[in-house]
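What follows is a set of notes on a single structure, which appears directly below.
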């Protein structure tokens, strides 16, 4: 199965101080064992670096160098397929923003959802299911 990866899930998986760390690691192990393919958009990698280097969010944030190295390793993993926004995903983005009357705090997640949707991805790994259930077309996998 092709599964889109959300930044919230990657943060959980990568930072031990995150309360969901163990569950996220177990979920990724299950998915790897099942042979699932992970899909990542460039905005996830850059947003992840932004979050995990923020000392206001974490007691032990990653250094910029460490975060960039880890993000590049994920980006280059053989289990990861890259997708980028397209004219079709932009059209879907505008449609969903208007249809669901979403505000500025929903811009990035809606753009990511539209990007994944336009590439035929209908499952998303996320620790925040409500970001994607709004659209009614995704199976959201949250770490237990």
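For this structure, a couple of remarks:
- Taking 122, 21 and counting other C-beta atoms within 10 Å, the order from fewest to most: 122, 21
- By the beta-carbon count within 10 Å of each Cβ, the least crowded to most crowded order of 48, 96, fewest first, is 96, 48.
- Taking 81, 26, 59 in turn, the Gaussian network model of the chain (Cα-Cα springs below 10 Å) assigns the largest fluctuation to 59.
- Placing R0 at 22 angstrom, the Cβ-Cβ distance between residue 98 and residue 129 gives a FRET efficiency of 0.45 after rounding to 0.05.
- Extension reserve of the residue 22-residue 37 stretch, reckoned as 0.36 nm per residue once the Cα distance is removed: 3.3 nm
- With respect to the chain, whose longest principal axis is taken over its alpha-carbon atoms, helix 21-33 is tilted by about 70°.
- Length gained on full extension, residue 75 to residue 59, computed as 0.36 nm times the residue gap minus the Cα-Cα distance: 3.2 nm.
- Proxy reagent accessibility, fewest Cβ within 10 Å first, across 10, 37: 37, 10
- Applying D = kT/(6 pi eta Rh) to the chain, where Rh is the Kirkwood radius over alpha-carbon pairs, T corresponds to 37 °C and eta to 0.692 mPa s, the Stokes-Einstein value obtained is 212 µm²/s.
- Highest mean packing comes first when the peptides 85-91, 74-80, 128-134 are listed by Cβ atoms within 10 Å, giving 128-134, 85-91, 74-80.
- Relative to the longest principal axis of the Cα atoms of the chain, helix 107-118 runs at roughly 70 degrees.
- Considering helices alone, the calculated mean residue ellipticity of the chain at 222 nm is -15000 deg cm²/dmol, with DSSP H runs of length four and up weighted by -39500 (n - 2.57) and normalised per residue.
Just so you know, all these numbers are worked out from the coordinates, no wet-lab data involved. Given the structure is predicted, the values throughout are model-derived calculations rather than measurements. Glycine gets a Cβ as well: all are built from the backbone with ideal geometry, and neighbour counts include every protein chain shown.
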